[in-house]
Amino acid sequence: MPKIRIKNKMIASVITTLVCLLFAGKINIVRAQESINNLSKENQKKAEEWQRQYDELNRKSEAFEKIILLKQKQQTTYDNQVSIIENEISKLETDIEINNKKISELSGQIEEIKGKITEKEAMMRKQRAILAELIKAYYENNRQNIILSSIHGVKAYSITSKRDRLAQLGDKIGQIIGNIKSIKNSLNQEKDAIEKNKDKVAQLTQIMEERNTDLENSKKQKEILVAQTKGEESRYQQLLQRVEEQKKELLGDIDDLYNANSSELDVLAASLEKPTSGLASTSWYYSQKDSRWGNNRIGQSKSLLKDYGCAITDVAMVFTYYGQSITPKSMAKQPIYSWDLINWPASWSGGIKIDTKYGNSHGNINWSVIDKKIESGNPVIVFIKAKGSAGHYVVIHHKAKNGKYVVHDPYFGSNIYLDSTMKLLGKLYGTSISKSAVNQMIVYEK
C-alpha cells in the first residue's frame with residue numbers, strides 16, 4: 001500500500017504539472033493570437049493606404065485612356081498622333097506602377113502568411129508535446145485505477161478520486177486534440193492562400209513583362225514617327241496614305257461578309273474534304289479573329305486584326321513555329337507595324353531570317369521551291385488573290401499524300417487544304433479561284 005500511495009502522489013504531481021502546462025499553453029495561444037491580431041491591425045492600416053494609392057493610380061490610368069479614345073476620334077493629324085502616343089506611354093507607365101504595387105502587396109501578404117505559419121507550427125508542436133504527456137499520464141492513471149479496484153480494503157473515495165482524475169485527463173486530451181485539429185486546418189488554409197498569391201504574382205509578372213514590352217514599342221513608335229515625318233504634317237499624311245493603299249491589298253470586309261453569310265459558309269466548310277495526312281501542330285496556329293486580339297488595332301492605324309490581320313497573323317505563326325513567344329496581338333504592336341498592315345521583317349530574334357533569294361514581291365511564286373521548303377520543315381506564307389488585287393495570306397506547311405497542300409489559314413482554320421481556302425473565298429466573293437491566284441510567297445528560315 002505505501003508504494004501505491006507514493007505512485008499516486010507521483011501521478012497527481014504529473015497531472016498537476018500537465019494542467020499547468022496546458023494552462024500555460026492556453027496563455028501562449030492567446031498571446032500568439034493577440035500578436036497576430038495586432039499585426040493584422042497594422043497591416044489593415046497599410047492596406048488602406050495601399051488601396052488609396054491604388055485607386056488614385058487607377059483614376060490616372062482611366063484619365064489617360066479617355067484622352068486616347070477622344071484623340072482617336074478626332075482628325076488624324078501629326079500633332080494629334082504624337083499626343084495619342086504620348087498618352088499611351090503615360091498610361092503604360094501608370095499601369096506598370098499599378099502592377100508593381102499589386103506585386104509588392106501580394107509579396108508582403110505572402111511574407112505575412114509565412115510568419116503566421118511559423119507561429120502556428122510552433123503552437124502545434126507545443127500542443128503535441130502536451131498531448132503526449134497527457135496520454136502518458138492517462139495511461140498510468142488508468143492502470144493504477146485498475147490495480148486499486150482489484151485490491152480489497154481500498155476505500156471507495158480513492159477509486160472515485162482516481163476515476164475523476166481519469167475523466168479530467170480524458171477531457172484535456174480531447175481539448176488538446178481539438179486544438180491541434182484547429183491549428184492544422186488553419187495552417188492548411190494559410191498554405192493554400194500562399195499558393196494562390198504565388199499564382200497571382202506569376203500572372204502579374206507576365207503582365208508586367210508585356211506592359212514593359214508595350215512601353216518600349218510605344219517609345220520606338222514615337223521615334224519612328226518623328227524620324228519618318230521630321231515633324232511635317234504632309235509626311236505624316238503620306239504614312240496614312242500608305243496604310244490605305246495596303247488595305248486595298250487585303251480583304252478588309254472578310255469578317256463582315258462571313259458573318260452576314262455564316263450559315264451558308266458553315267455548311268460549305270463542313271462539306272469540304274479534311275486532310276488526313278500532312279497535319280501540323282496547332283500549338284503554333286493563330287486566328288486573326290481570336291477574341292483575345294481580333295478587335296485590336298494594328299500599330300497606330302485604325303485597322304483591326306480581325307479585318308486586316310492575315311499577314312501579321314501569318315508572321316506570328318511562322319515565328320512561333322520557330323520557337324519565338326509572340327502572338328498576333330504582340331506582333332501588331334511591334335514598331336515595324338506602326339503604319340504598315342503588311343511588312344515582312346528581314347530578320348527576327350532566334351536567328352530567323354527571310355530568304356532574300358526569292359524576295360517578297362507579287363509574282364515570285366515557285367511551287368517547286370515551296371515543295372522543297374516544306375519538305376525541309378520550313379513553312380511558306382503565300383498570298384491568294386480573291387477580289388481584284390485584294391487577297392488573303394495563309395501558311396502552307398505540308399503536302400498531303402494525295403498531293404494537296406495543307407495550310408494554317410488565319411481566318412478559316414488550322415490544317416485545311418489550300419483548295420478549301422480557295423473555295424471558301426470564292427463563295428464569299430462570288431468568284432472562281434484557282435491555283436493561279438496564288439501569286440506571292442514569303443519564306444522564313446532559321
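Here are a few things to note about the model shown:
- Pairs, first more than 20 Å from E88 (Cα to Cα) in segment 221-236, second of a type in the set (S, T, N, Q) and assigned to a helix (DSSP H, G or I), C-beta under 7 Å, six or more apart: R235/Q228; R235/T229
- Cβ-Cβ distances below 7 Å connect the following pairs, each with a first residue in segment 80-107 that is at negative phi and without any contact (Cβ under 8 Å) to a residue 12 or more places away in the chain, a second residue that is surrounded by 17 or more Cβ atoms within 10 Å (Cβ to Cβ) and part of a helix (DSSP H, G or I), and a separation of six or more residues or different chains: N80/K71.
- Lone unmet requirement of (1) free of Cβ contacts under 8 Å to residues at least 40 places away in the same chain; (2) touching a Lys or Arg at 6+ places or on another chain (Cβ under 8 Å) for K60: (2)
- Of all residues in segment 253-269, those that are over 20 Å from D307 (Cβ atoms) have Cβ atoms under 8 Å from Cβ atoms of residues that are at pLDDT 95 or above and aliphatic (A, V, I, L, M), 6 or more apart or on another chain, in L268/L424.
- From the options D340, D409, residue that is surrounded by fewer than 22 Cβ atoms within 10 Å (Cβ to Cβ), within 31 Å of the chain's Cα centre (by Cα), within 28 Å of N295 (Cα to Cα) and among the acidic types (D, E): D340
- Of all residues in segment 305-337, those being closer than 18 Å to D214 by Cβ, buried (at least 19 other Cβ atoms within 10 Å of the Cβ) and touching a Gly at 6+ places or on another chain (Cβ under 7 Å) number 4.
- The combined condition, being surrounded by 14 or more Cβ atoms within 10 Å (Cβ to Cβ), closer than 30 Å to I326 by Cα, β-branched (V, I, T) and modelled with pLDDT of 75 or more, is not fulfilled by V226.
- Residue within segment 360-368 that is under 30 Å from T229 (Cα atoms), free of Cβ contacts under 8 Å to residues at least 60 places away in the same chain and surrounded by fewer than 18 Cβ atoms within 10 Å (Cβ to Cβ) present: no
- Residue in segment 413-425 that is in contact with a helix residue (DSSP H, G or I) (Cβ under 8 Å, 6 or more places away or on another chain), more than 24 Å from Q246 (Cβ to Cβ) and among the basic types (K, R) present: yes
The values are calculated or read from the model by the stated rules, or taken from the named source; none is laboratory data. Just so we're clear, the structure is a prediction, and the values are computed from it rather than from any experiment. Please note: Cβ atoms are built from the backbone with ideal geometry, for glycine as well, and neighbour counts cover all protein chains shown.
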